[in-house]
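The structure appears right after this line, and notes come after that.
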Amino acid sequence: MPHVTRKWQVYPGRNKFFCGGRIIMAQQIGVFYITLSLILGTSILFFIFDCQYLAENITPAIPVVGGVLFFFVLATLLRTSFSDPGVIPRATSEEAADIEKQIAVENSGNSSNPTYRPPPRTKEVIVRGQVVKLKYCFTCKIFRPPRASHCSICDNCVERFDHHCPWVGNCVGRRNYRYFYSFIVSLSFFCVFIFACAITHIILLTREDKMFLDAIRETPASVVVAAICFLSVWSVLGLAGFHTYLTTSNQTTNEDIKGSFTGKRGQEKVNPYSKGGVCVNCFYVLCGPKPVFV
């Protein structure tokens, strides 16, 4: 069989590809290793020092619940980090030349005017009765689809671009947003669960005729786990709440920051991408069809 060259091999941007293109990550993934280390380190301390005591003194279900949450957090993190976020293939030289010809033909009628300036390279399409402008990407040589944006870090256009997340080492877009949302929600539950278990462990030790400082000396790992979870849970819960709002309204972080559906005077615009209801939007964003990868 002839060798087939895929577009990511020709135009890789700044991403790193592994396993024949099945795994894609950003070039700078140092923060991702910090995320992974915090989750693994905190979980190991919890399972070694807290789970056994709580299983014997409260219920053996605690290690089971903790294990399920840990597995789900780790699986969704890796799926978010390793998945193609929705990279839009760059135009080939032939495709780029064809687009340039189309633009030249559209602008040729006004080129004779000495004061004429070429308009911005945009196209207009109608989305559910609203005019949406498609911007031309000078790097990828394409007119970006609605909701797509060019990531300056990865140097690729991403479909339904949400944001570039250094904590997961990847862009978050149409193909991996559902995994990202599942990750931050499950991580919120996991942080609260571990924090509650660590505090419970310390409280139970103080009831065994031990002073508070003696209980801390007996299980210093519980103090470390509780401190890490306490410092992390606020930002994680806030992020999960924010993305729940975005999901229910079918918006992206990029659109919310730009105020795409808010007028200059604070007047709300109709979101043409909303499916009309909270449940429908959630189903579409989290369970809808995914485009093929590059």
Write out, first by first residue and then by second, each pair whose Cβ atoms fall under 7 Å of each other, whose residues are 6+ apart or on separate chains, and whose first residue, in the stretch 128-150, is under 14 Å from GLY13 (Cβ atoms) while the second is among the hydroxyl-bearing types (Ser, Thr, Tyr). HIS150/THR139
So which residues in the stretch 39-84 are closer than 23 Å to ASN176 by Cβ, assigned to a helix (DSSP H, G or I) and among the hydroxyl-bearing types (Ser, Thr, Tyr)? SER43, THR76, THR80, SER81
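Please tell me if THR248 is surrounded by 13 or more Cβ atoms within 10 Å (Cβ to Cβ) and either touching a strand residue (DSSP E or B) at 6+ places or on another chain (Cβ under 8 Å) or not assigned by TED's automatic domain parsing to the domain that holds ARG178 (or both).
no
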Given the criterion modelled with pLDDT of 90 or more and within 13 Å of TRP167 (Cα to Cα), identify the matching residue among THR42, THR35. THR35
Does the stretch 209-230 contain at least one residue that is of a type in the set (A, V, I, L, M, F, W, C), assigned to a loop (DSSP other than H, G, I, E, B), surrounded by fewer than 22 Cβ atoms within 10 Å (Cβ to Cβ) and not assigned by TED's automatic domain parsing to the domain that holds ALA96? yes
For SER188, state whether it is within 14 Å of the chain's Cα centre (by Cα) and of a type in the set (Ser, Thr, Tyr). no
Within the stretch 53-68, is there a residue that is modelled with pLDDT of 90 or more, in contact with a strand residue (DSSP E or B) (Cβ under 8 Å, 6 or more places away or on another chain), assigned by TED's automatic domain parsing to the domain that holds TYR179 and of a type outside the set (A, V, I, L, M)? no
If the requirement is being modelled with pLDDT of 95 or more and closer than 30 Å to CYS171 by Cβ, which of these qualifies: PHE190, PHE195? PHE190
Evaluate the stretch 52-72: report whether one residue or more is under 30 Å from TYR136 (Cα atoms) and aliphatic (A, V, I, L, M). no
Number of the exception - VAL73 against (1) under 15 Å from ALA196 (Cα atoms); (2) surrounded by 12 or more Cβ atoms within 10 Å (Cβ to Cβ): (1)
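The values are calculated or read from the model by the stated rules, or taken from the named source; none is laboratory data. This is a predicted model, so every value here is computed, not measured. Ideal geometry is used to build each Cβ from the backbone, glycine not excepted, and the neighbour counts take in all protein chains shown.
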